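Colleague: For reference, the structure I am asking about is given below.
The values are calculated or read from the model by the stated rules, or taken from the named source; none is laboratory data. Quick caveat, the model's predicted, so the values are computed rather than measured. Every residue, glycine as well, gets a Cβ built from its backbone with ideal geometry; the counts of neighbours run over all protein chains shown. Only protein heavy atoms, including side chains, enter the accessible area calculation; ligands, DNA and RNA are left aside. Shrake-Rupley method; radii C 1.70, N 1.55, O 1.52, S 1.80 Å.
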Amino acid sequence: MSQPTLPHTQAEIGRPRRRIVGVQKVTGQATYAAEYTPDDLLYGYVVNATITRGTITGIDERAAREIEGVVEIIHHLRRPKLGYFDMQYSDIDAPPGSPFRPFYDAEIQFAEQPIALVVAETFEAARYAASLVEVTYDKAPFDVDLHKNLDTARKPKKGIDSILKPMPPDDYGDFDGAYAAASATYEGEVYHRSQHHNPLEMHATITVYEADGKLTIYDKTQGTTNSQIYISGVFGMKMSDVRVIAPFVGGGFGSGLRPQYQLVMSVMAALHLQRNVCVQLDREQMYTFGHRPETLQRLRFGASADGKLTAVSHEAFAETSRFEDYHEAVVNHAGMLYPVENVHLEYKLVPLDRYSPLDMRAPGGLTGVLAVETVMDQLADQLGMDPLAFRLKNYTTTDVSSGKPYSSKELRACYEQAAERFGWDQRKPTGKHPQRGNRLVGHGMASGIWDAIMLPAKATARLTTEGKLLIQCALNDCGQGAYTVMSQIAADELGLPFEDVTFEYADSKLDASPVQGGSFTTGVVGSAVKAACFALKDKIFHLAQILDGFPLGDALLPDVTFTGGEIVLNADPSVRIPFTDIIAFNKGKALEVSKTNVPNPFKIKKYARNSHAASFVEVEVDAQLGVVYVTRAVTAVAAGRIMNPQTARSQILGGMVWGIGMALREETLLDRQLGKFMNTNLAEYHIPVHADIGELDVIFVEEKDEIINDLGVKGLGEVGTISMAPAIANAIFNATGKVMTQFPVKLGDL
Amino acid sequence: MNDFAYYKATDIDGAVNAAAGPKNNYIGGGTNLIDLWKYDLAHPEKLVDLNGIDELKEITELPDGGLRLGALVTNNATAYHPIVQERYPLLSRTILAGATPQIRNAATNGGNLLQRTRCYYFYDSSSPCNKRVPGSGCPAREGHNRLHAILGYSDACIATMPSDMCVALAALEAVVRVKGPEGERCIPFIEFHRLPGEQPEKDNTLREDELILSVDLPARGFAGHHTYLKLRDRHSYAFALVSVAMGYELDGEGNISVARIALGGVAHKPWRVPAAEELLVGKSPTEDQFARAAEAILEGASGFEHNTFKIDLAHRAILRAGAMAHDPSTQRPGAKPSL
Ligand SMILES: Cc1cc2nc3c(=O)[nH]c(=O)nc-3n(C[C@H](O)[C@H](O)[C@H](O)COP(=O)(O)OP(=O)(O)OC[C@H]3O[C@@H](n4cnc5c(N)ncnc54)[C@H](O)[C@@H]3O)c2cc1C
């Protein structure tokens, strides 16, 4: 008789799977926030201020109200009651300060500030009427110029956001002494303008005003729980009266990490009119809220003659608004990547008459590592060292800035495998590559580092009456593939086929979830899903132990395997208990467990926790015309266990493209005289297009991490972006001998 | 959207009659007009739709060996037309270097000639702009002027004409055939667009209600030696910072017998300097000779904070175009630099 064999218990994790919502997305069946169709829906269109600072002195609505279909015009003089305390406007991702309060009073604090909402029966009527609202102002002087106001730079206030974005450590060692004694030194600046997220889906909210006065809100957000907290705060409503739903998000990149103003306005109009209201921003309005801050960095690095980095000074000056201290970790990375003993770090904010910046893909990391890694190449050049050899010479398995060992760090393997795949041994010193026609050739590389963040999260697991698994969490997903990966984790934990797992998500009535950002979703929410499933497994097993006839005898949980919807006794695999028997034993009722996973601080706090990457890039630069082409690139990533190689690869490819944007394309042009952004559309704000992208290759190196979480997952959305941009800049240097200090590098700069 | 009247024309005279009066607009593909409308910059009271006029949708050969491109033929249909590809490959390549396939499928030849500048300040209805609101000022001079002119600008306006197609049409010496209430007339291409001077609100010399019927190409198409080189801030789907349309013919000794050079992205109109082209006649197509022509073409050029690089870039681009034009088979799609 053949023994039934035990199937592999981890069939799903590590298996390439396309996103479960992928087909819906590419066939137009996914419903985005603005696409719900509740009855009698009204449409709101936002009127933005045409001055940068001052006070509204009058709003003439007459012409707008003449337009057929206009229902109401809402603004600071006609609106529902709003919260009084700053705290009520706070959200999970809010920096310290006084959050902007839409329609609160007559004060204008930044260009394009939303000041009124025209609500009409159709979008077109609302938009046209909005163009007819006549607003008069008392103008006040303003200043939006970062460079001119560096003397006002000051340290950011500390808030809860410092947990995710730590302030730089205090100086250590003796920078001045070490810098003076260094045999090779480099001093330089790196500057980039503001950038915007540009998700394809524009921000939109539909608020459904329910018969009992409760609200159901379809919002474009990266956190349903976050929007729920925010709305209940602003309008003083009970959390349970506010339900936020957001299953599909057409790109976020950070733009949905804070509730945006269309959300408040949609709710305001719904409460005021007691009707259902849709407010969707247009493409221009997508440039009227948060953005990656314009940042100027000053670096001084020193190294010894044998190539040891001995001194690092990294200072950054970034814009923020006058009302919030948005900050990011820009200057922390050199001390984490390299074991340098003498460090001076400074991160300062310059408050200006602009809207607060907002986290945007790899906030701080992309900015800071771009500077660090381009300066590293300058030092390598001075030392006559190969850039990779220079980095290997300064390799460390301890984060010297915190004195803690890394929970795991396979950056060396990233360097080695990517270098090999790329053919780094073919690299020639600067300016020495043979020319291809008019084109100079350059090879460059850079390291990347990103935090592996752990937070508490909660999930519910239910064994349904059919013996299948339902997972619930309010988490939502901008497209990275989180729904798929959560289902994979759950399937493995309970030994069920993938098809037997359903994931219910993106609804604030489910277990609260952190926002989807920081590359922490898989580690954080995945751990909660795993914990909930494990608890459910335990519960199932306890019932199985007391089934009639005690088929499992005195077996304990480790003595059985959950597989194929059955509990199988390891010692005698012919003993199998289908989940449906358990349900029957439970009188036909489903089994459910909710579990909060709280990371063990004693365990993880002892370690530095980061994912790493290395990018190798070839560029061609037209010697006569200065046109730059990224012809090929390889990125290797060490991010713990790779749950789904297909969605993971897509994340890194997207990150590499984003790196091309950072290095060569993206910037929002701020007019200093007018105080506002000028290239506010997708024709004039240049995101890379296909023609800008050469051959891209992704490697995942093996990395085991037993510290970070039970899954061994670190997250990888952002790390692939970070190493790419400096690698491009370094390749340009290798081709041309010119040091890149302003990004993006544009035609005319070379 | 404001209320407006809509008239679907089926013949030329019907269209011209319907369009008489201010604030009446013809509409071709609508890729520019509808954008301007949405941006609150255009407010037509009557829209005269040209898409029902079949006789404007044809490409026909002319008795003098030239080719007539109907005003309602789309940009893509023009670029892929076999006669255009064979005899006017410069025009075909130039059109294909512009916009995106989707836009080119909708955009018409008539509309392309009349597309408005991409100056940021022009598009922002709350900024001052002399082109949009005469006398209100020009923030571009002190502001973001990377896209802006280095030649032929005025105190009032430094905007550029954004079209690619028009740069090739200028080099090809096309003629624009138009009809208005007073009848038909022909405008040589180089006189079609104008410099801003004191009237930046006027992009061209077309009269208020005149209809573009066709763009007529002369027989000479420079199929042997031509290029369109487009330099821009990304490799596709971006307007030219500097572009060069060049065509020349060589005599038995390999010397240039006739040459045409037009620049895009540098002025309020495609920039041509016939005297500079004359310098090349009888000369061999070498870098030195093109450098002399480039100097003459760019004489008097001066820039602003963000666009001065375009003077040197245009010079280099002319040299490269001269080399690229010699053997068009080496050229890359999208008018990217080759060689
Ligand atoms: C995002 C974007 C990117 C672009 N990129 C490029 C680029 O890289 N290079 C480039 O060259 N172009 C580019 N374009 C511009 C595009 O080529 C023009 O929008 C298009 O050619 C206009 O043609 P249309 O038929 O759509 O004009 P419409 O929008 O229909 O009309 C434009 C104007 O012409 C008038 N008009 C139209 N037909 C006639 C006629 N027969 N007689 C008289 N008046 C007429 C209309 O009244 C209107 O004022 C881009 C456009 C967009 C939107």
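Colleague: Where Rh is the Kirkwood radius over the Cα pairs of chain B, the temperature 10 °C and the viscosity 1.306 mPa s, what D in µm²/s does Stokes-Einstein return?
Modeller: 78 µm²/s
Colleague: Percent relative contact order of chain A, based on C-alpha pairs within less than 8 angstrom and at least six residues apart?
Modeller: Working: 1889 pairs, mean separation 127.4, N = 750.
Over chain A, the number comes to 17 percent.
Colleague: Compute and list, largest first, the equivalent-ellipsoid semi-axes of region A:316-392 from the alpha carbon gyration tensor, each √(5λ) rounded to a whole angstrom. Don't jump to the answer; show the numbers that get you there.
Modeller: Details: eigenvalues 183, 28, 22 Å².
Each semi-axis is the square root of five times an eigenvalue, giving 30, 12, 10 Å.
Colleague: How much of the pair distance distribution for region B:226-329 lies past 17 Å, counting alpha-carbon pairs only, in percent? Walk me through the numbers before you get to the answer.
Modeller: Numbers: 2605 of 5356 pairs.
The share of Cα pairs beyond 17 Å in region B:226-329 comes to 49 percent.
Colleague: Describe numerically, in nm with one decimal, the distance between label points set 7 Å from Cα along Cα→Cβ at A:ASN600 and at A:ASN681.
Modeller: My value for the distance between the label points is 5.7 nm.
Colleague: Could you sort the residues of region B:113-130 by number and keep only those whose accessible area is reduced by 50 Å² or more in the all-protein-chain setting relative to the chain alone, 1.4 Å probe?
Modeller: Those are B:TYR120, B:SER126, which lose 50 Å² or more relative to the chain on its own.
Colleague: To continue, here is another question. In debye, nearest 20, what is the charge dipole magnitude of chain B about its Cα centre with +1 on Lys and Arg Cβ and -1 on Asp and Glu Cβ, if you could check? It would help to have the intermediate numbers written out before the result.
Modeller: On the way: 35 positive and 41 negative charges, 181 e Å.
With only Lys, Arg, Asp and Glu charged at Cβ, the dipole is about 880 debye.
Colleague: Roughly how crowded by other chains is peptide B:231-242, in terms of the mean Cβ count from those chains within 10 Å of each of its Cβ atoms?
Modeller: Numbers: counts 6, 3, 9, 14, 12, 5, 8, 8, 2, 0, 3, 3.
Per residue, the number of nearby Cβ atoms from other chains is 6 on average.
Colleague: Let me ask something additional. May I ask you to order A:374-380, A:728-734 by the average number of other C-beta atoms within 10 Å around their residues, highest value first? All intermediate terms of the calculation are to be shown ahead of the outcome.
Modeller: Working: A:374-380: 24.3, A:728-734: 28.9.
Descending packing order for the listed peptides: A:728-734, A:374-380.
Colleague: Could you check the simple spin-label distance between B:LYS38 and A:ARG62, using points 7 Å along Cα→Cβ, in nm with one decimal?
Modeller: Result: 3.2 nm between the two label points.
Colleague: Can I ask one more? If all Cα-Cα distances of region A:428-529 are sorted into 10 Å bins from 0 onward, what percent lands in each bin, rounded to whole numbers?
Modeller: 14, 36, 18, 8, 11, 11, 2
Colleague: Can you work out ³J(HN,Hα) from phi for every residue in region A:388-402, in order, using Karplus 6.51 cos²θ - 1.76 cosθ + 1.60 and θ = phi - 60°, giving whole Hz and x for Gly and Pro?
Modeller: For region A:388-402, the Karplus curve yields 5, 4, 4, 6, 5, 4, 10, 6, 9, 9, 10, 7, 5, 5, 10 Hz.
Colleague: Please tell me the relative contact order of chain B in percent, rounded to the nearest whole number, where contacts are Cα pairs under 8 Å and at least six residues apart. Intermediate results must be reported in sequence, preceding the final value.
Modeller: Working: 799 pairs, mean separation 58.4, N = 339.
Relative contact order for chain B comes out at 17 percent.
Colleague: Now for a separate question. May I ask which residue of A:ILE732, B:GLY30, A:GLN426 lies farthest towards the positive end of the charge dipole of the protein assembly as shown, with charges of +1 (Lys, Arg) and -1 (Asp, Glu) on Cβ and the Cα centre as origin?
Modeller: A:GLN426
Colleague: Follow-up. Between beta-carbons, use under 15 Å as the cut-off and find the net charge around A:GLY223, counting Lys and Arg +1, Asp and Glu -1.
Modeller: Details: positive: A:LYS220, A:ARG243, A:ARG258, A:LYS458, A:LYS509; negative: A:ASP91, A:ASP93, A:ASP161, A:ASP219, A:ASP359, A:ASP477, A:ASP507, A:ASP511.
Local net charge: -3.
Colleague: Sticking with this structure for a sec: Work out the charge dipole of the protein assembly as shown with +1 on the Cβ of Lys and Arg and -1 on the Cβ of Asp and Glu about the Cα centre, then indicate which of A:GLN195, A:ALA614, A:THR55 is farthest towards its positive end.
Modeller: Looking along the dipole axis, the top candidate is A:ALA614.
Colleague: So if each residue of separation counts as 0.36 nm, and I subtract the Cα-Cα distance between A:GLU35 and A:ASP170, what length gain in nm does that give?
Modeller: Values: separation 135, 0.36 × 135 = 48.60 nm, distance 4.98 nm.
Stretched fully, the A:GLU35-A:ASP170 segment lengthens by 43.6 nm.
Colleague: Counting only heavy atoms of the protein chains, get the accessible area per residue of the protein assembly as shown (1.4 Å probe) and round it to a whole Å² value. Please list the in-between numbers first.
Modeller: Details: 39710 Å² over 1089 residues.
On a per-residue basis, the protein assembly as shown sits at 36 Å².
Colleague: I've got another one for you. Roughly what percent of Cα-Cα pairs across region A:585-712 reach past 20 Å? It would help to have the intermediate numbers written out before the result.
Modeller: Numbers: 5333 of 8128 pairs.
Of the Cα pairs, 66 percent sit more than 20 Å apart.
Colleague: May I pose another question? Counting only complete DSSP H runs, which helices of chain A cover 20 Å or more along their long axis at the Cα atoms and score a mean Kyte-Doolittle of -1.0 or above? Can you show the working numbers first?
Modeller: Details: long enough: A:365-383 (26 Å, 0.72); A:521-545 (35 Å, 0.68); A:645-660 (22 Å, 0.25).
Span-like helices, by this rule, are A:365-383, A:521-545, A:645-660.
Colleague: Same structure, new question: Highest GNM mean-square fluctuation, chain B, Cα pairs closer than 10 Å: which of B:ARG93, B:ARG232, B:ARG104?
Modeller: B:ARG232
Colleague: Please compute one quarter of the surface area of the Cα convex hull for region A:27-161 and express it in square nanometres.
Modeller: Numbers: hull surface 49.4 nm².
Here the figure is 12.3 nm², rounded to one decimal.
Colleague: Which of the listed residues, A:SER90, A:GLN624, A:LEU117, is farthest toward the dipole's positive end in the protein assembly as shown, when Lys, Arg count +1 and Asp, Glu count -1 at the beta-carbon?
Modeller: A:SER90
Colleague: Starting at the first residue of region B:156-171, write each ³J(HN,Hα) from the Karplus equation 6.51 cos²θ - 1.76 cosθ + 1.60 with θ = phi - 60°, in whole Hz, x for Gly and Pro.
Modeller: Values, residue by residue: 7, 7, 10, 5, 10, 7, x, 5, 7, 3, 5, 5, 5, 4, 5, 5 Hz.
Colleague: Continuing with this model, one more query. Nearest 0.05, what FRET efficiency do A:LEU150 and A:GLU187 give at R0 = 22 Å with Cβ-Cβ as r? Please list the in-between numbers first.
Modeller: Values: r = 17 Å, r/R0 = 0.77.
Approximately 0.85, to the nearest 0.05.
Colleague: Of the heavy-atom accessible surface of the protein assembly as shown (probe 1.4 angstrom), what whole percent is carbon and sulfur?
Modeller: Numbers: 19680 of 39710 Å².
Using a 1.4 Å probe with all protein chains present, the protein assembly as shown comes out at 50 percent carbon and sulfur.
Colleague: OK, next. I'd like the Kirkwood hydrodynamic radius of region A:68-134, using the inverse of the mean 1/r over distinct C-alpha pairs, in Å. Walk me through the numbers before you get to the answer.
Modeller: Details: mean 1/r = 0.0728 Å⁻¹.
Computed over Cα pairs of region A:68-134, the Kirkwood hydrodynamic radius comes out at 13.7 Å.
Colleague: Where nothing but the Cβ of Lys and Arg (+1) and of Asp and Glu (-1) is charged, how large is the charge dipole of the protein assembly as shown around its Cα centre, in debye to the nearest 20?
Modeller: Numbers: 107 positive and 132 negative charges, 229 e Å.
Dipole magnitude for the protein assembly as shown comes out near 1100 debye.
Colleague: Hey, if you drop one equal point scatterer on each alpha-carbon of region B:160-239 and run the Debye formula without solvent, what base-10 log of I(q)/I(0) do you get at q = 0.18 Å⁻¹?
Modeller: With one equal scatterer per Cα and no solvent, log10 I(q)/I(0) is -0.90.
Colleague: Report, as an integer, the average count of C-beta atoms from other chains found within 10 Å of each Cβ along A:621-630. Intermediate results must be reported in sequence, preceding the final value.
Modeller: Details: counts 0, 7, 1, 8, 10, 6, 6, 1, 3, 1.
That works out to 4 on average.
Colleague: Determine the total buried accessible area between chain A and chain B, counting protein heavy atoms only with a 1.4 Å probe; round to the nearest 100 Å². If you can, show how the numbers build up before the last one.
Modeller: Working: alone 28670 and 14530 Å², together 39710 Å².
Summed over both sides, the interface buries about 3500 Å².
Colleague: Taking amide hydrogens as modeled 1.01 Å from N in the peptide plane, which residues meet the under 5 Å criterion relative to B:LEU211, leaving out close sequence neighbours?
Modeller: B:LYS179, B:GLY180
Colleague: Counting Lys and Arg as +1 and Asp and Glu as -1, what is the net charge of the other residues whose Cβ lies under 15 Å from the Cβ of B:CYS166?
Modeller: Working: positive: B:ARG93, B:ARG104, B:ARG116, B:ARG118, B:ARG194, B:LYS230, B:ARG260, B:LYS269, B:ARG272; negative: B:ASP164, B:GLU173, B:GLU191, B:ASP203, B:ASP216.
Neighbour charge sum, excluding B:CYS166 itself: +4.
Colleague: Where does chain B land at 222 nm, in deg cm²/dmol rounded to the nearest 500, when only DSSP H runs of n ≥ 4 count, each adding -39500 (n - 2.57), divided by all residues? Walk me through the numbers before you get to the answer.
Modeller: Details: 13 runs with 96 residues, N = 339.
The helix-only estimate for chain B comes to -7500 deg cm²/dmol at 222 nm.
Colleague: Which distance in Å, rounded to a whole number, links the C-alpha centroids of region A:182-236 and region B:227-255?
Modeller: Using only Cα atoms to place each centre, the spacing works out to 44 Å.
Colleague: Evaluate E = 1/(1 + (r/R0)^6) for A:GLN624 and A:ARG412, where r is the Cβ-Cβ distance and R0 equals 60 Å; express this FRET efficiency to the nearest 0.05. Write out the running numbers ahead of the final one.
Modeller: Working: r = 40 Å, r/R0 = 0.67.
My answer for the efficiency is 0.90.
Colleague: A follow-up question, please. How would you order A:205-217, A:586-598 from highest to lowest mean count of nearby Cβ atoms within 10 Å? Kindly include the intermediate steps, with their values, before the conclusion.
Modeller: Details: A:205-217: 18.8, A:586-598: 15.2.
Per-residue Cβ counts within 10 Å, averaged per peptide and sorted highest first, yield A:205-217, A:586-598.
Colleague: So what's the net charge close to A:GLY365: Lys and Arg +1, Asp and Glu -1, counting the other residues with Cβ under 12 Å from its Cβ? It would help to have the intermediate numbers written out before the result.
Modeller: Details: positive: A:LYS165, A:ARG292, A:ARG361; negative: A:GLU328, A:ASP359, A:GLU373, A:ASP451, A:GLU718.
Result for the neighbourhood of A:GLY365: -2.
Colleague: Cα atoms only, chain A: Rg and Dmax in Å?
Modeller: 27.5, 91
Colleague: Additional query: So for the pair A:LEU653, B:THR286, with labels modelled 7 Å out along Cα→Cβ, what separation do we get in nm?
Modeller: My value for the distance between the label points is 5.0 nm.
Colleague: Now for a separate question. Enumerate the calculated ³J(HN,Hα) couplings along region A:438-452 in order (Karplus 6.51 cos²θ - 1.76 cosθ + 1.60, θ = phi - 60°), each rounded to whole Hz, writing x wherever the residue is Gly or Pro.
Modeller: Karplus-based 3J(HN,Hα) across region A:438-452 equals 7, 9, 7, 10, x, 10, x, 9, 7, 9, x, 8, 8, 6, 9 Hz.
Colleague: Let me ask another. When you look at the Cβ of every residue in A:669-679, what mean number of other chain Cβ atoms sits within 10 Å?
Modeller: Working: counts 5, 2, 9, 3, 5, 8, 0, 3, 3, 10, 6.
That average works out to 5.
Colleague: Given the peptides A:706-715, B:214-223, arrange them by the average over their residues of other C-beta atoms within 10 Å, most packed first.
Modeller: Values: A:706-715: 22.1, B:214-223: 19.9.
Top of the packing list down: A:706-715, B:214-223.
Colleague: Within region A:130-167, find all residues whose amide N lies under 18 Å from a label point positioned 7 Å from the Cα of A:ASP105 along Cα-to-beta-carbon.
Modeller: A:137-141, by backbone N distance to the label point.
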